[in-house]
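So the structure is just underneath, and the comments pick up after that.
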Amino acid sequence: MPPAISVESCSRCDHPSVVHQEYSGQHLCGKHLASSIRKRTSKELRQQLKLPKDARHEDGSPYRILVAVSGGKDSAVLLTMLHDIIARRRDVELIAGCVDEGIDGYRAPSLECARDLAEQLGVRFETLSYEGIGYERMDEVVSRIPAMGKNHDEAKGMMPCSFCGVFRRQSLNSLAEKVSADVMALGHNLDDMAQSILMNFQKGEIERSVRLAPHTENPIDGIVPRIVPLRWIPEQEIHAHAICQGLPIHHGDCPHAPGAMRQQSRGIVAQMESLTPGARHGLLHSLDEIRRLHRETERDPKLEVRNCSECGEITSKEVCQACTMKRWLAETA
């Protein structure tokens, strides 16, 4: 018989642990993991979203928080945590919003998980598809990427995630406008943040890093401010918590993700964390310090934006990337 596997006890009680925080040295059971995540999420929420005692608008309508959900573990934990922390407030309304990118075998089951969770919590659920705002389904976009690469040098070598990321951002903006959201909550975890920071540092794009959420202190004209209450919670802890709580989550991976730059950064961040526990926290602390210095040195810390000449969405160029990509797609129809 194989030797029995010993499970460490929780550092705070006698129950078996479900995660080991190498960066803190603690072992946590399901109950104390949930408590730890809630405490950190609540702290971030207070820092990123400073609401008055009565946040209602002048017309009496509630302050609306759009929670971007996908059916995955991160957004499931985000929605349940926000519901637990602030759903009792009558002046605040939570709305779960899911974008349907049009990916066969992936989005339909994950969307149902998101819908099930929203119904369990009694949270309003809204969806928006790429087709609903004039984009192609992602499966169709992927089939045309080779042709777009032949027609335009800028499109050569682009991965599906490059297109989907642009279209998804625009879709979330449209969804926020549709539900009159005051702020949008995203489920980015610590690993997501560290990967984004690393990718931007690799390309020397400090301004892009400075623009990463949260936006509530320095809102960007033209878009609903984003908050990221889970940004200090490692992915492993979020996954363990979702499993312990029995949340309805979709475990499949997007079929178009392999080869994306984020996948490479995921491996690098994981290796860094393995060699130096706390490396992910260090990257995020570095970004916060860079952001602070950027605010202090800029005469006008408000980020400069302009409106796309074709669709009116905010952009740093004359024509936004979404409209550029839509034009590429139209040429290959």
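Values quoted throughout were computed directly from the atomic coordinates according to the rules given, and no laboratory measurement underlies them. The structure presented is a predicted model; accordingly, all values stated were derived computationally and were not measured. Here the Cβ is made from the backbone with ideal geometry for all residues, glycine too, and neighbour counts use every protein chain on show.
Considering only the other residues whose Cβ falls under 15 Å of the Cβ of residue 188, what net charge follows from Lys and Arg at +1 and Asp and Glu at -1?
Here the count lands on +4.
Among the aspartates and glutamates, which fall within straight-line cross-link reach of residue 73, defined as a Cα-Cα distance under 15 Å, with same-chain neighbours fewer than 8 residues apart omitted?
Cα-Cα hits under 15 Å: 112, 116, 191, 192, 235, 237, 253.
For the chain, set up a GNM with springs between Cα atoms under 10 Å and report which of 197, 314, 95 has the largest fluctuation.
Judging by the Gaussian network model, the answer is 314.
Net charge near residue 224: determine it from the other residues with C-beta under 10 Å of the C-beta of residue 224, scoring Lys and Arg +1 and Asp and Glu -1.
That works out to 0.
For a test of the definition: using alpha carbon positions, the gyration tensor, and the 1.5 limit on a/c, classify the stretch 238-323 as rounded, prolate or oblate.
The shape class here is oblate.
Cut-off is 10 Å between beta-carbons; in what order do 12, 292, 107 appear when sorted fewest neighbours first?
Least crowded to most crowded, the residues run 292, 12, 107.
Note the angle between two axes, namely the Cα long axis of helix 279-297 and the longest principal axis of the Cα atoms of the chain, as a number of degrees from 0 to 90, rounded to the nearest 10.
Between the helix axis and the principal axis of the chain, the angle is about 50 degrees.
Within a Cβ distance under 15 Å of residue 25, other residues only, what is the Lys/Arg minus Asp/Glu net charge?
Value of the local net charge: -3.
How far is it, in nm, from the label point at residue 330 to the one at residue 6 when both lie 7 Å from their Cα along the line to the Cβ?
Reported label-point gap for residue 330 and residue 6 is 6.8 nm.
Given Cβ point charges of +1 (Lys, Arg) and -1 (Asp, Glu) and nothing else, what value in debye, to the nearest 20, does the dipole of the chain about its Cα centre take?
640
Could you work out the relative contact order of the chain, using alpha carbon pairs under 8 angstrom and six or more residues apart, expressed as a whole percent?
20
Using a Gaussian network model on the chain with a 10 Å cutoff between Cα atoms, which of 216, 276, 127 fluctuates the most?
Among 216, 276, 127, the largest GNM mean-square fluctuation belongs to 276.
If you build a Gaussian network model of the chain, linking Cα atoms that sit under 10 Å apart, which residue out of 239, 250, 294 swings the most?
Sorting by GNM fluctuation, first place goes to 294.
Which entries in 39/203; 156/317; 150/317; 53/178 show an alpha-carbon gap greater than 28 Å?
39/203
Using the Karplus equation 6.51 cos²θ - 1.76 cosθ + 1.60 (θ = phi - 60°), what ³J(HN,Hα) coupling, rounded to whole Hz, does each residue of the stretch 98-111 give in order, writing x for Gly and Pro?
Karplus-based 3J(HN,Hα) across the stretch 98-111 equals 10, 9, 9, 6, x, 10, 4, x, 10, 6, 4, x, 6, 5 Hz.
Which of the listed residues, 60, 72, 45, is farthest toward the dipole's positive end in the stretch 29-101, when Lys, Arg count +1 and Asp, Glu count -1 at the beta-carbon?
Most positive-ward Cα: 45.
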